[in-house]
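Heads up, the thing below is written out as structure tokens.
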Amino acid sequence: MVLDVARKVVDEIDRTQVQFLDVRTYRNETLQLSVRKGDANQIANNQMNGVAIRALVNGAWGFASVASENLSEIREARDAAIKMARGLSNKSEANAEVTQDAAFEGRNEFTPDDDPKNYSFEEKMELAQKVETILREHDPSIINSNGIYSEMVQREEIANTNGTNVVTDYAALRLSGFATSRRGDIIQNVSDSIATSGGMKAIVDWNIEEHATNLGKRAVDLLDAVNSPSGKMNVLLDPSIVGVYIHEAFGHASEGDAVLDNRSVLTNQLGNTMAIPEVSVIDDPTLPGLRGSFKYDSEGTPTKRRQIIKDGVLVGYLNDLRTATMLDQEINGCGRAMDFRHTVMPRMGNTYIEQGDKKIEELLEEIGNRVYLQYSYGGYVNPATGEFFFSSQGGYLVEDGQLGKPIRNSGMSGMTLDVLKNTIGVGNDKDIDAFPGTCGKPSLTGPQMLPVTGGGPHIAAKDINIGGR
Amino acid sequence: MSTDSDETKQGHIDYHSIALNALNLAEELGATQTEIVVRQGHRRAIEIRNSLISGSQQQSMSGVGIRAYIGNKLGISSNTLVSEASITDAVEKAVKLAKLAPEDRNFRTLPNVLEQSAPHIPDLYDGEIANMEADQFIDIGNQIIDGSKVETEGKLVVGGQLSVSIITDNIVNSLGIDVEDSYTSAFSFVNNSIIVDPTNVGSGFEVYLTRKLDKGVDFGDIGRTASEKAKKTLGAREIKTKRLPVLFDHRATGQSLQAIVGNGVNGTNVMLGTSYFADKIGNELGVEGLNITDNPHVAGGFSSTPVDAEGVVTQVTKYMDKGVLVNYATNSYTANKLGIENNAHAQKMGFSGKPRCGIWQLHVDAGDGSYTQMLEDMREGIFMESGINASGGSQNISAKINRGFYVKDGEIQHAVKNTMIGSDVFSFLKGINRISKELRIEFGSQTPAILIDEMSISGITDTKSSPRSMMGI
């Protein structure tokens, strides 16, 4: 068994010389089938196989990865990681610590609700083709149409010096549609998708006809939309925008490494009021079947629901073993790595604002004659300064509590420490995975992209800065 | 598949032979055209967190990528394992997928080998980078940390990274392309913060990119520059919404044009009709003084390369001539579809997949404006030290000012925060009022500073005005 190999490589070391060591074997296979404007685009099978080793010696980390299943090469990588850590510890005041009290045993195999293996290549191809065909045939102004089916299954086997022995699978399946509409120099892009970690059920249950048709309509309608107004104003955000908003505004700033490294405006803010009492923020990878759901993280820690903000107060951070130890915080299984070439760091899973009690009509009245923003493209943040950016694919002007003219794509900015305090109202609806996305974050081993979701209810907020022409 | 001859007596693996063997196997299995990329390489880095060197790493970058065509049906496969068994498996999978795949009616052919040979571009491989010792990394890290320590109010937090990569790509295809390209690269970024209080945090970023380590480079100065930049953004304030002239410094100009022009000339986007520059060859899109060239042959240029991701020899490409759009950036697929020259801009993330088009490194001609004067002449405006891009793939620009300053009476007053900037790509390019005669030449690129007549700046709004009064309907 591969885990036996990992365990063997760990157990061979001299424990008096190494604070902590883990070995993570990794296997991943992806299938991507994409159709563009009626023709096959990418028809790809990609595999990743390798081993990641981290060593902590006198407060300094060494990391080595090797694309090999050969025991001697894995041992070489382990020894290289230890050597790097030792060498660094001799010349640096690095002071990392990892608790030795956390050891976990477990096995989580991918047990799909509906196994992708039950579906032929042709059946999967047909899903992508159906999305794309509906988009392309919707209207001549749609000049580009994409349908993409992707599936990824990975297995990590983790052994560490604490005694952790965990085998854990993760799967990500997704069916997406992208469309570009054009009239003269006006170009608009829209997208929609269904994503799951549970199996094919959510994919085959997704009403392709309805979603692709609506997507095509959005693309065409945006050509007649007006430009968004610009400046600070009250806004109503749909759950997709709320998902990105909370991910960027708060999620990254609550990641333990940013907190620990004084790179977050939320450092030393536990217990402080961050939002109106109606706002609570959760990150929960235990929710079944969502894109950001997983059972064990890449350190073999069982994951759990974590509350970041409760009734407006900052109550928790997102931790891996290092940050939990050094912040003296709960170990909550947030240590994720993109693949074997990358090291572990705190990352989000499924981040959302809990639902409130306001109807959408009430929220529209609250914001006055302003804007309603829908369907996010994504965003980014500087956690150290707390400035973040997020964007919408479209929306509407709001006049006297009613939806008015549609508006085109726009970008918005805000400040982490202000934005949730500027919440006017929290909707009573709920769409936790309204934005199934991919989160990027820089690391020692380069940028790491991971599947996540974001969502919540509709939120009305004031003083959101919109950039228009 | 690999034979004893694939390993020399010293145990060194002959990746070129592995690539050729994989090509033959694909043909045997029924592929009509095939491309194999075998990459061997690794990356090493150290990381600075919270003003300490916290970690060191070495990372495999190796793998094999296959594109197999049967007629116009494509199958793609890749694996990070480079072994006989894994490559055989990957080739079999690629060919199997090609048999199953629907057609791509746009595909004509992979690139042929041409008469021209790849240019020798000096300083793209540095043996010293390849053989850097761990202590050298740590020494550089400590230089960065020490150099970052500047006098300032608040708490300085140093963060950053030094990373080096050593890569050899073997690119072969069934039409005779057979290229081995070895290159090194090193980059260092420093991202420093100065915390006065949670509502007043300065942030500064500095970067150093190179293919060959210059012994004279002062890593301490990189840290110092990042800290000085962080100081400059302390006390950042919001400003009122209004239309203002905007001066982009050299780097901000380069970043903005790389993004705006890069997306516009991207052959894939042009082919799809999604580019805002589609069908605009011969149109005057920028001011007369705007001349933009893409030059991948600069000695030691960070994005310099003798061949693109398909093994086609690269060339210098002019995109804008006196403001007139004259070329797109193509690869074999888009060039065939568009019926124009393949000017070798195929790019991939890593070693696998179908290449898209991308630009290499822009050279923008100098103008005749004085950079100092351009700032001094601003009665009121914005000075940008960060770039912008069009948003959502459209022609609209709706971007956050990541690093910008409010200017009044020719002097920088303060950094701005939570401020957006808006326009569209055509107004941006046509609104260039002045181009500096001073160029910043670094990392293989060359850019002037540019002054834009007017852009929409969004910040504090007068609460008495309706948003509709600010709209560009």
Yes/no for B:Met61 being touching a residue at least 12 places away in the same chain (Cβ under 8 Å) and open to solvent by 10 Å² or more (accessible area, probe 1.4 Å): yes
Residue in region A:242-249 that is buried (at least 24 other Cβ atoms within 10 Å of the Cβ), under 18 Å from the mean Cα position of the chain (by Cα) and hydroxyl-bearing (Ser, Thr, Tyr) present: yes
Residue tally, condition surrounded by 20 or more Cβ atoms within 10 Å (Cβ to Cβ), of a type in the set (Gly, Ala, Ser) and more than 7 Å from chain B (Cβ to nearest Cβ), over region A:359-385: 2
Residue that is β-branched (Val, Ile, Thr), assigned to a loop (DSSP other than H, G, I, E, B), surrounded by 19 or more Cβ atoms within 10 Å (Cβ to Cβ) and assigned by TED's automatic domain parsing to the domain that holds A:Asp139, where the choices are A:Val23, A:Val10, A:Val18: A:Val18
Candidates A:Glu105, A:Glu29, A:Glu73, A:Glu109, filtered to the one that is open to solvent by 70 Å² or more (accessible area, probe 1.4 Å) and closer than 30 Å to B:Asp135 by Cα: A:Glu73
Where B:Ile129 falls short, out of the listed (1) touching a strand residue (DSSP E or B) at 6+ places or on another chain (Cβ under 6 Å); (2) away from every other protein chain (no Cβ under 13 Å); (3) modelled with pLDDT of 95 or more: (3)
A:Asn369 being without any contact (Cβ under 8 Å) to a residue 60 or more places away in the chain and in the same structural domain as A:Ala258 (by TED's automatic domain parsing): yes
The listed residue being surrounded by 19 or more Cβ atoms within 10 Å (Cβ to Cβ) and over 25 Å from A:Asn350 (Cβ atoms), out of A:Arg136, A:Arg183: A:Arg136
Residue within region A:195-215 that is within 9 Å of chain B (Cβ to nearest Cβ), of a type in the set (D, E, K, R) and in a helix (DSSP H, G or I) present: no
Among residues of region B:385-426, those that are over 19 Å from B:Met374 (Cβ atoms), hydroxyl-bearing (Ser, Thr, Tyr) and over 23 Å from the mean Cα position of the chain (by Cα), counted: 1
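Give the residue that is farthest from A:Val419 (Cα to Cα), with candidates limited to residues of region A:328-353 that are of a type in the set (A, V, I, L, M, F, W, C) and in contact with a Gly (Cβ under 6 Å, 6 or more places away or on another chain).
Of region A:328-353, the ones of a type in the set (A, V, I, L, M, F, W, C) are A:331, A:334, A:337-338, A:340, A:344-345, A:348, A:353.
Remaining after also requiring in contact with a Gly (Cβ under 6 Å, 6 or more places away or on another chain): A:340, A:344, A:348, A:353.
Values: A:Phe340: 37, A:Val344: 30, A:Met348: 20, A:Ile353: 13 Å.
Restricting to residues being of a type in the set (A, V, I, L, M, F, W, C) and in contact with a Gly (Cβ under 6 Å, 6 or more places away or on another chain), the top hit is A:Phe340.
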Failed criterion for B:Ile397 (all others in (1) touching a helix residue (DSSP H, G or I) at 6+ places or on another chain (Cβ under 7 Å); (2) modelled with pLDDT of 95 or more hold): (2)
Residue check for B:Ala252: surrounded by fewer than 20 Cβ atoms within 10 Å (Cβ to Cβ), aliphatic (A, V, I, L, M) and assigned to a helix (DSSP H, G or I): no
Filter result for B:Asn327 (open to solvent by 10 Å² or more (accessible area, probe 1.4 Å) and in contact (Cβ under 8 Å) with a residue 40 or more places away in the chain): yes
Segments classed as strands (runs of 3 or more DSSP E), wholly inside region B:351-433, with at least 2 members that are more than 14 Å from chain A (Cβ to nearest Cβ) and of a type outside the set (Val, Ile, Thr): B:362-364, B:380-384, B:404-408, B:411-415
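From A:Gly335, A:Gly300, which residue is on the phi > 0 side of the Ramachandran plot and either among the aliphatic types (A, V, I, L, M) or more than 10 Å from chain B (Cβ to nearest Cβ) (or both)?
A:Gly300
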Region A:97-140 - residue that is aliphatic (A, V, I, L, M) and assigned to a helix (DSSP H, G or I) and, of those, farthest from A:Ala60 (Cα to Cα): A:Ile134
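The values are calculated or read from the model by the stated rules, or taken from the named source; none is laboratory data. This is a predicted model, so every value here is computed, not measured. Note that we place each Cβ from the backbone using ideal geometry, even for glycine, and neighbour counts take in every protein chain shown. Note: areas computed on protein heavy atoms with side chains; ligands, DNA, RNA excluded. Shrake-Rupley method; radii C 1.70, N 1.55, O 1.52, S 1.80 Å.
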